[in-house]
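Working notes, beginning with the structure itself.
The values are calculated or read from the model by the stated rules, or taken from the named source; none is laboratory data. Predicted, not measured: the structure shown is a model, and the values here were computed from it. Ideal geometry is used to build each Cβ from the backbone, glycine not excepted, and the neighbour counts take in all protein chains shown. Heads up: the accessible areas ignore ligands, DNA and RNA and are worked out on the full protein's heavy atoms, side chains in. Shrake-Rupley method; radii C 1.70, N 1.55, O 1.52, S 1.80 Å.
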Amino acid sequence: MSADVKRPVRVVGTPVAYGLETFKDRTLQQEKVLRALTDGRTRLVTIVGRRGIGKSALAARIVARIEDDRAPWMIANISSRTSGLSLERIFLDCARLLGGEAEENLLSAWTGSRAVVDKVAELLDAFTGHRCLLVLDNLEDRLTDVGEPLDGDLRDFFEALFRTRHLVQVLVTTQVPIALPPAVRRYETRIYLDDGLPPGDGVALLRELDRDGEAGLERMSDAELATAVSRLHGVPRAIELAFGALVEDYLTLPTLQRLLDTYATRGDMVKNLAQEGVRRLDDETRLVLDVLAVFGRPTPVEAVASVLRPIAPDLDVAAALARLAARGRMVTVDRVNHCFRLHPLDADLVFSELSPDGLLGRRQLDRHVADWYASTKSARDGWRTADDVLPQRREFAHRVRAGDHEVAAQVLAEVDEFLIWRGAAGAVVAMHEQLLDRLTGDIKLGHLVGYGLSLMLSGSLEEASDILSAAVELSEQVDDIRLRQRATYALGDVYRQLGELDLAVAPLTRSERLAEEIGEFELLSRTLLSLSLTHSYRRNVSEAQRVAERMRVHADKADDDGGRAQAHDADALAAVVAQNWQRAIDASGLALDHYEKAGITEALGYAYNVMGIAHLALGQYGEAEENLLRGHECGLEQQIPRIAGMCLYNLGWLAWRRRDHAAAAAAASDAGQALGRAGARELAAMNRLADAARAMVAGDRAAAASGLLAAATSSRGNADLVPAEWLEAEAALIADNRQSGEKSGQGAEDDES
């Protein structure tokens, strides 16, 4: 037969899912299934996944692609939820596929008295010369919890499928993998569909469902809908059910947020999402499942055993977990790390069924889980990265969920400052927000200080100023000098970043004295860094350098890489103010080296930014761009909008010097958006530089000069931005009506170099 004249695809049975024209994602799984079906050794492709994850939709999409390609297949769609799934159904539909005399022969064979194995052999043999794909959907309805066929006919069918030569392949969807002998697993390709849709695809699905706007989703941003998708773990059926509840629940009229908070307790959603096998578990196995739900993440056997030891000391946890893994993959297994995991959606559903109180209630189990994480903490001198304090972060989450807020605050106080300086300020903000208005006394003070510090680093400066002012006031009422030092330091540093430089000096100077009294080097070094930067911002270079030198002495005495990094960082910014560009480059390079050695990621962006300004001043535009881009990336990675915005602003000025005013406008505009979210005072400078660049593009040189002067005025007092004098010199050249390329970019550079 010619390659251009293919046999039309013959299909019986309705597709096992609908809405294929809006099918989302699963591209990798589609390709894996199609590759398996082209492999002559593959007899069976099994798509395994929890209820609602999209197994049937994936199978239907595979069939649709085969049909679209006009491949020479004969396809039978058989589902336990539509036509029923049995050997009889398989026989009848295959007979319809073949038609004519072959159909008559198969029907006769089915009604005859031969053994089932012989009938199946004749069925498979009937497709000699024809490629056949049998789609068996929701096969778990015909299997036990451990994957054994419920009736002998299906068992004989799968036995013959692997033992005889034929051209029939089977595509199965099931919540429970078929129990196969190890010898035949080589003929099966198994696809585990564990992950939900990516946020983008989930958002698209929600928008398609609400195409008429009945649920009001058109008023919500993609970011808000992505949060909803993530809360539902991307499970397609859960997304559909949530939409259905929004438009069909006329009794409670839930909002989307209310629905997300309560979906695991809504009967209309639970009955369509809950794994039916959970109801058939014995008490001991269900207890182990409950503990996995409380953990909510991959969990080792010893962790589950530790939680249950005081509750059920005789329970064989390993055996119970093995039973759960064998029962239709009710839990999944990470064999490398020896962990067991309940699907996040199942964890939500199982957790919601626990009673709040009592020996086996949510609060008590959360406390036991928190205790286990507490037992796995490492010593502080071994902390290097944020991952080193994961046990504390997880303990905190379970303490909060148990309602033990003061204990949670104590846990957070152990690690919040460490996390803040390791690029996790945003996460620390979220943790502190869970404790708002729940604490008193010394514990409240520690919470306010940590909250203010994390707000400062994440860019919410005005809010941080209010929180830290309250913390400093409260610190005078409690006898904790370390908390008083942290509070005064943080308030001084916030004043610096807000441009209130005269206000910053007093609390920072007091904080330095308190740090020396405590005798804790790390607190002293951080305070001195802020004090030196404040003097640089005030253009008091000699005092900034004197403080940097004191920092260097302290760091060498303590033999501390972090302290050395901060000393070089302070020296680099002072060198920028002094226009000693090579010294700024050298000091920034040393700061970066020592920050990397110390594992302090929060400050990397600032050092790259200073190095970029110095290269820019020397006309080394390639190096300047490289460093400013790296600083911007660090700001994004560490979730510090202030440094991300400042690097963008400086990149905007670099683009101006290159005479690419359109790029300058774009970079400055992006900088304004970043700093606008952070509430930074330099926002006006960003916006005015963008205005000036747009004016240059439009040929309005007077407006461009005016914009540059406004940007210079707004940026003055922040040594982390390109010097205001550069912008003023450029504005003067434009105002004098000189040619754009005569000396404008390099002129400012020459004046400042």
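Laid out as a table, the results:
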{"read-out": "Pick from segment 427-460, criterion part of a loop (DSSP other than H, G, I, E, B) and over 26 Å from the mean Cα position of the chain (by Cα), ranking: nearest to Ala402 (Cα to Cα)", "value": "Arg438"}
{"read-out": "Yes/no for Leu508 being out of contact with any His (no Cβ under 9 Å at 6 or more places or on another chain) and in contact (Cβ under 8 Å) with a residue 60 or more places away in the chain", "value": "no"}
{"read-out": "Within segment 108-153, tally of residues that are open to solvent by 60 Å² or more (accessible area, probe 1.4 Å) and either farther than 29 Å from Ala71 by Cβ or among the aliphatic types (A, V, I, L, M) (or both)", "value": "9"}
{"read-out": "Leu648 in contact (Cβ under 8 Å) with a residue 12 or more places away in the chain and of a type outside the set (Asp, Glu)", "value": "yes"}
{"read-out": "Top-ranked residue of segment 265-277 - restricted to ones that are part of a helix (DSSP H, G or I) and within 23 Å of Thr174 (Cα to Cα), ranked as modelled with the lowest pLDDT", "value": "Glu276"}
{"read-out": "Boolean, Thr299 is of a type in the set (S, T, N, Q), open to solvent by less than 20 Å² (accessible area, probe 1.4 Å) and closer than 18 Å to Arg394 by Cα", "value": "yes"}
{"read-out": "Enumeration of residues in segment 207-235 that are in contact with a Lys or Arg (Cβ under 8 Å, 6 or more places away or on another chain) and open to solvent by less than 20 Å² (accessible area, probe 1.4 Å)", "value": "Leu217, Leu225, Val235"}
{"read-out": "All helices (runs of 4 or more DSSP H) inside segment 628-706 with 1 or more residues being open to solvent by 20 Å² or more (accessible area, probe 1.4 Å) and of a type in the set (S, T, N, Q)", "value": "661-678, 683-698"}
{"read-out": "Test result for Ala464, within 30 Å of Ser306 (Cα to Cα) and in a helix (DSSP H, G or I)", "value": "no"}
{"read-out": "Residue among Ala664, Ala705 that is in contact with an Asp or Glu (Cβ under 9 Å, 6 or more places away or on another chain) and in contact (Cβ under 8 Å) with a residue 12 or more places away in the chain", "value": "Ala705"}
{"read-out": "Residue list for segment 181-218, restricted to those being touching a residue at least 24 places away in the same chain (Cβ under 8 Å), assigned to a helix (DSSP H, G or I) and small (Gly, Ala, Ser)", "value": "Gly200, Gly202, Ala204"}
{"read-out": "Helices (runs of 4 or more DSSP H) wholly inside segment 43-152 containing at least 3 residues that are under 40 Å from the mean Cα position of the chain (by Cα)", "value": "55-68"}
{"read-out": "Top-ranked residue in segment 526-542 [being small (Gly, Ala, Ser) and farther than 15 Å from Gly499 by Cβ; ranked as least open to solvent (accessible area, probe 1.4 Å)]", "value": "Ser532"}
{"read-out": "Number of positions in segment 707-719 that are over 19 Å from Ser669 (Cβ atoms) and open to solvent by less than 40 Å² (accessible area, probe 1.4 Å)", "value": "2"}
{"read-out": "Condition broken by Ser352, with the remaining ones in (1) in contact with a helix residue (DSSP H, G or I) (Cβ under 7 Å, 6 or more places away or on another chain); (2) crowded, with 18+ Cβ neighbours inside 10 Å satisfied", "value": "(2)"}
{"read-out": "Among the residues listed as Ala121, Ala59, Ala95, the single one being closer than 30 Å to Met269 by Cα, at pLDDT 90 or above and among the hydrophobic types (A, V, I, L, M, F, W, C)", "value": "Ala59"}
{"read-out": "Boolean, Ala614 is hydrophobic (A, V, I, L, M, F, W, C) and modelled with pLDDT of 95 or more", "value": "yes"}
{"read-out": "Residues within segment 377-426 that are open to solvent by 40 Å² or more (accessible area, probe 1.4 Å), acidic (Asp, Glu) and over 23 Å from the mean Cα position of the chain (by Cα), tallied", "value": "3"}
{"read-out": "Subset of segment 590-618 [within 19 Å of Asp559 (Cα to Cα) and either open to solvent by less than 10 Å² (accessible area, probe 1.4 Å) or among the small types (Gly, Ala, Ser) (or both)]", "value": "Ala591, Tyr595, Ala598, Gly599"}
